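Before any comments, here is the structure.
The values are calculated or read from the model by the stated rules, or taken from the named source; none is laboratory data. Values in this document were obtained by computation on a predicted structure and should not be read as measured data. Counting neighbours? That spans all protein chains shown, and the Cβs are built from the backbone with ideal geometry, glycine included. Side chains included, ligands, DNA and RNA excluded: accessible areas come from the protein's heavy atoms. Shrake-Rupley method; radii C 1.70, N 1.55, O 1.52, S 1.80 Å.
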There are 6 protein chains.
Amino acid sequence: MRIDGRGAGQLRRVRMTADYTKYAEGSVLMEMGDTKVICNASVEVGVPPFLRDSGKGWVTAEYAMLPRATGTRSRRDISSLKLNGRAAEIQRLIGRALRSVTDLTALDGYTVTVDCDVIQADGGTRCASVTGGYLALWLACRKMMERGLITRMPLTAQVAAVSAGVVDGEVLLDLCYEEDSSAEADCNIILSSSGGIVELQGTGEERPFTEQELKGILSAAKRGNAALFRAQKKIMDARG
Amino acid sequence: MRIDGRGAGQLRRVRMTADYTKYAEGSVLMEMGDTKVICNASVEVGVPPFLRDSGKGWVTAEYAMLPRATGTRSRRDISSLKLNGRAAEIQRLIGRALRSVTDLTALDGYTVTVDCDVIQADGGTRCASVTGGYLALWLACRKMMERGLITRMPLTAQVAAVSAGVVDGEVLLDLCYEEDSSAEADCNIILSSSGGIVELQGTGEERPFTEQELKGILSAAKRGNAALFRAQKKIMDARG
Amino acid sequence: MRIDGRGAGQLRRVRMTADYTKYAEGSVLMEMGDTKVICNASVEVGVPPFLRDSGKGWVTAEYAMLPRATGTRSRRDISSLKLNGRAAEIQRLIGRALRSVTDLTALDGYTVTVDCDVIQADGGTRCASVTGGYLALWLACRKMMERGLITRMPLTAQVAAVSAGVVDGEVLLDLCYEEDSSAEADCNIILSSSGGIVELQGTGEERPFTEQELKGILSAAKRGNAALFRAQKKIMDARG
Amino acid sequence: MRIDGRGAGQLRRVRMTADYTKYAEGSVLMEMGDTKVICNASVEVGVPPFLRDSGKGWVTAEYAMLPRATGTRSRRDISSLKLNGRAAEIQRLIGRALRSVTDLTALDGYTVTVDCDVIQADGGTRCASVTGGYLALWLACRKMMERGLITRMPLTAQVAAVSAGVVDGEVLLDLCYEEDSSAEADCNIILSSSGGIVELQGTGEERPFTEQELKGILSAAKRGNAALFRAQKKIMDARG
Amino acid sequence: MRIDGRGAGQLRRVRMTADYTKYAEGSVLMEMGDTKVICNASVEVGVPPFLRDSGKGWVTAEYAMLPRATGTRSRRDISSLKLNGRAAEIQRLIGRALRSVTDLTALDGYTVTVDCDVIQADGGTRCASVTGGYLALWLACRKMMERGLITRMPLTAQVAAVSAGVVDGEVLLDLCYEEDSSAEADCNIILSSSGGIVELQGTGEERPFTEQELKGILSAAKRGNAALFRAQKKIMDARG
Amino acid sequence: MRIDGRGAGQLRRVRMTADYTKYAEGSVLMEMGDTKVICNASVEVGVPPFLRDSGKGWVTAEYAMLPRATGTRSRRDISSLKLNGRAAEIQRLIGRALRSVTDLTALDGYTVTVDCDVIQADGGTRCASVTGGYLALWLACRKMMERGLITRMPLTAQVAAVSAGVVDGEVLLDLCYEEDSSAEADCNIILSSSGGIVELQGTGEERPFTEQELKGILSAAKRGNAALFRAQKKIMDARG
């Protein structure tokens, strides 16, 4: 039995609130247990220099935490004049994941920026950002179609992410912060609803991990992501 | 009749949600209509260099907006490597306002940082930050007393803020963004519950304003702040 | 009797030296007692992005202090890589004040930047910057007319600023640094020569201040600004 | 047959030149084909604040490329005032990998910084940095023992890294830049000589990849890293 | 005959105004023709880390230009977040020159920072900064002695600087901006009153220059610096 | 006899390795004894704003040291967010020296950036950068001619640099770090192969130096640079 009463292969309570803020073209409050991330997708005209005249649009992501999203207050990046390395790493991951299911030619001339701002962090914030960010991006694309900015849905599949790891020798799904802190191995697994691994990041925290453990982690993650795909789909279907 | 159906001297719907996030010593979601600000007060051991060995603690504030808190996305400060001038101005204002009702000697050895992060902006964000920030600070001070960190409440009065301005020649209380954009004069009035003006900032936006208009603005603001003091008090009383 | 022998409603010695430096289109050394500010107005072709094709020009201001303008040396902004918050606040104020009396359509295609560099600070530097900055701007506009860059004077009225505050319960005009440090309330009042308040910033330093005190402050400031308008006018008239 | 004539499971020519520069406590020029990285390990007294009085030392890494290490010149980080996101991500990876085989208590009081500077990049620079960085760290630790700074070798196993990916449906080991650019999937696999996975990063570049492909990648990487362990060992043994 | 009527070996009008600002321990307005530099020497307790417990004090310099010290406005360093390279080069030069005549052991425990802020630039600003900076430093040292902070004068000789160059084949002393712009060679020569060259920087602007020209330049500079030493001495003697 | 057995007027072993890296249009590893600098010349289309439509191209230089190029590790510029002052000064010097022998009109439309990255520093890194940078620039220009980008060689003469100084009263050529640290005077002399001084920087380190010493230094430097010109020429001739 886990610290919060869950079974080994059980997700925390998942909640996706669409239209959480009123200005963003796509806005989602993504909650995985006590982890809460505001995912806002903003549509802007124009593309980065390296895509000029390429016939393609662009999707990118930014990730940040409120100073007190965690147990101790952290300084804002602007105070130290440096984007913290962890955020740099995470926002690159989110961007890659979202682009992996985007047909950029269908976005020609537009950039969609998905801002993932963590209000409260209790483990798994990068995974929640991918999963919620996808939904925000989908809402924004749908709005672009309604407004006639684009003619077809650029998203070719869903993408979702979940963490899984080894704690006390057992594979657990969707680690909360306390579990994450004592995990022997910790993986973030991003999957596509069309099947297959979009991105996989695994770290042996206290010791190297085995291929056997990796197999168990992937297996748990597949079940977890399937549930997340269903939760995304439910909201998408409601929009028709 | 105003754009949103209010009377000239009427506040928007005020909502203060205490304990909005779980880590901060004091946490409040402050809503004035569609303006939403997360106010988190964090307690840290230590004081800034200029107060070392002074027998005093410190209260300071930081203010920021999520990139898509407004109609168009704005870049994060860290992207331009500059704290934007408006935020710099506002967070200095919030800090002064909160310190004006704080007996810093009662906080000796501690710094309380009140982070005001605007989730959604519809006019009056700095005022909402002062009003909600005060409540977050009070909650944090109360927790410090419960934990025995300090022996008496450092806050000597309540502080609240509201905007008022002249639109089409008429004095209106608590301007929303659209009203603010077309105002002839725009004031932010910060009052103390013990009576008197803590800070007053008035700007003639399209033309200079008159002392007569200032008088009307102050009068409206007094009624508005009185209502805000009651709303704060209700939550404070509930905590006993 | 005040620390420097003045009466309560008396300005310090005011001196405005036009053409202080030789390159700037408008250059003024502004002195209020021992407060000395070089105000240089520079004309450049082009406008900021948000005004492109708007038919308008732009007026903006920058404010800085020499490291040893004050009793103790302060680090240059570039050493800490941060524009200090106080300077950010002040230069926004100066810019707003100057624009309040400028018809930007008459400046179409040009930006005038008014640099206010404090050589020596003895209280009231932001007010001196507004008053001297106005004159530098006027000189620059006049030069633009002489050179045929613009066809009419864009400045529609004069603008000047003075501080006033409550010290030991008495309203004093034009506080020097030592008075400012012990003031109970401190206001900066920016007026237009066409009548009316351009901007008003009042802070209760040691306690909230009353509407009655505000009335006295405004009354003193009106007399002070009238004298400043006359001093500006004298130089302007001499230029024909 | 691959672009450079190698077999699918064959590494490029591996060359490790110890003592490449004369000042660093550990210095290695690491070459994998045309990829060349200078790995310098520097020993400094002191530990970061979060380890103070913990009985532990620290190992960290920095990664950068010379401006013309690649086909087109890139700006130095200092020109844009930003550590580029890719470098931030990579140097965090190198640091984690090296710490995974370090007993930090054996380094108590010291920080070893491993600088990985890419002279020429032809794919696999992060893997070369881990493999060469390990050797530089080992050389530095050995020097610390010789000098009596520490009493036992802090490194508990070897660590090495290699890339492997899927190109045209086939699993290839140690991708060069041209292969990397057209890969369907691309993994970096960091292993420990004591067995097990230290870190695994896999990305589907053009499409999601399958568990079957992951299995082939891991299998190729194991053989590749075994060869790298032997190459490291040869140099280490020569030092006695 | 030169552009401003001077002879080839003649300095521009030299004016040194001591006690130019009221706060700095040493303050000089240094004028060479239309070149005007405020040189303020500030005394602070403490030394940089590399001198801790060395029995020595420190002398350093900072150099900057007001944005409109020149014909076109230049951005402030803080706007680009970069100290401009020219200023970096010049302030290192000034610091070295001042330290060359300072016995740092006589300043033990103190740092004197000499800020050279150019109000108006018409060629030769770095030389004016050295010459005026020396006098400001001397005034500050004298004040330190008066206050009993130090027991003997740390300055062992005077230092002064002047430019000289080749214009149209002729050696000219103390180039103004217009001459400097068309010079074939341009040197800055810093001499000590005790005899000898403190620092020499010569650049062939349009062509390499000859040893013969260098000899002429040095000869002119010696006469120029002799006059500057006398001007400094006159003020120093007046202080007794 | 010198520390490394050389005669007073003898250079250290000079080695220039052309085509050191494979991407840069011109690449040289420049070695003077243990001082090693990678000089990479990169050709890019476009010129800086101040040369637009001028009919000229541009040559510029950047200079940096690897963190452990010296006896103690130095922080990367990006860590402190500041280009260090010494590097700023040196890269300006290198750029001026290279431009002094370049006919910029022959480079119309192109910018060549010469990156000088010090791998190992043992005195004389700026001189080695000029000498090696010249050769890298020549190689790049030659490649531009081969590719038909330009029609004639823009370099009108060779340029090379060497240090010389006074140690224990004796003039020594090409100081190594240890000699440099104890030198009474230290000069960097940049000469053109067409005769004449391109740039001269001389500093009295422990005392002012005399014109007589300067004469000896120049004489030694002429012989040293002649040898460097021959070494450059040998490689250039081999390319035809």
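The table that follows gives values for the structure above.
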item	result
Among the residues listed as E:Glu179, E:Glu206, the single one being modelled with pLDDT under 95 and farther than 19 Å from F:Glu213 by Cβ	E:Glu206
Test: residue in segment C:98-118 that is under 22 Å from C:Asp34 (Cβ atoms) and more than 12 Å from chain E (Cβ to nearest Cβ)	no
Single match in B:Ile197, B:Ile217 (criterion: surrounded by 21 or more Cβ atoms within 10 Å (Cβ to Cβ) and either among the aromatic types (Phe, Trp, Tyr) or more than 7 Å from chain C (Cβ to nearest Cβ) (or both))	B:Ile217
Matching residues, segment D:84-122, being touching a Lys or Arg at 6+ places or on another chain (Cβ under 7 Å) and free of Cβ contacts under 8 Å to residues at least 12 places away in the same chain	D:Gly85, D:Glu89
Strands (runs of 3 or more DSSP E) within segment A:1-115 that include 3 or more residues crowded, with 20+ Cβ neighbours inside 10 Å	A:26-32, A:35-45, A:58-65
Segment A:155-168, residues that are more than 14 Å from every other protein chain (Cβ to nearest Cβ) and over 18 Å from the mean Cα position of the chain (by Cα)	A:Val167, A:Asp168
Sole residue being within 14 Å of chain E (Cβ to nearest Cβ), over 18 Å from the mean Cα position of the chain (by Cα) and either within 27 Å of C:Glu178 (Cα to Cα) or β-branched (Val, Ile, Thr) (or both), chosen from C:Val43, C:Val28	C:Val43
Pairs where the first residue, in segment D:53-77, is within 12 Å of chain F (Cβ to nearest Cβ) and the second is surrounded by 22 or more Cβ atoms within 10 Å (Cβ to Cβ) and at pLDDT below 95, C-beta under 8 Å, 6+ apart	D:Asp77/D:Leu83
The lone exception for C:Gly9 - which of (1) touching a helix residue (DSSP H, G or I) at 6+ places or on another chain (Cβ under 6 Å); (2) free of Cβ contacts under 8 Å to residues at least 24 places away in the same chain; (3) more than 14 Å from every other protein chain (Cβ to nearest Cβ) it fails	(2)
Some residue of segment E:136-158 being in a strand (DSSP E or B) and in contact with a Phe, Trp or Tyr (Cβ under 9 Å, 6 or more places away or on another chain)	yes
Odd one out for C:Gly33 among (1) within 21 Å of C:Arg99 (Cα to Cα); (2) in contact (Cβ under 8 Å) with a residue 40 or more places away in the chain	(1)
Counted residues, segment C:78-97 - those being within 14 Å of chain E (Cβ to nearest Cβ), small (Gly, Ala, Ser) and under 21 Å from C:Ser129 (Cβ atoms)	3
Residue in segment E:149-169 that is farther than 30 Å from E:Asp108 by Cα, free of Cβ contacts under 8 Å to residues at least 60 places away in the same chain and open to solvent by 40 Å² or more (accessible area, probe 1.4 Å) present	yes
One residue from C:Arg126, C:Arg147 being away from every other protein chain (no Cβ under 14 Å) and at pLDDT 95 or above	C:Arg147
Those residues of segment C:225-240 which are free of Cβ contacts under 8 Å to residues at least 12 places away in the same chain and assigned to a helix (DSSP H, G or I), in sequence order	C:Ala226, C:Arg230, C:Lys234, C:Asp237, C:Ala238
Odd one out for D:Arg223 among (1) out of contact with any Ser or Thr (no Cβ under 8 Å at 6 or more places or on another chain); (2) more than 9 Å from chain A (Cβ to nearest Cβ); (3) within 14 Å of D:Ser100 (Cβ to Cβ)	(3)
Boolean, C:Asp180 is open to solvent by 70 Å² or more (accessible area, probe 1.4 Å) and in a helix (DSSP H, G or I)	no
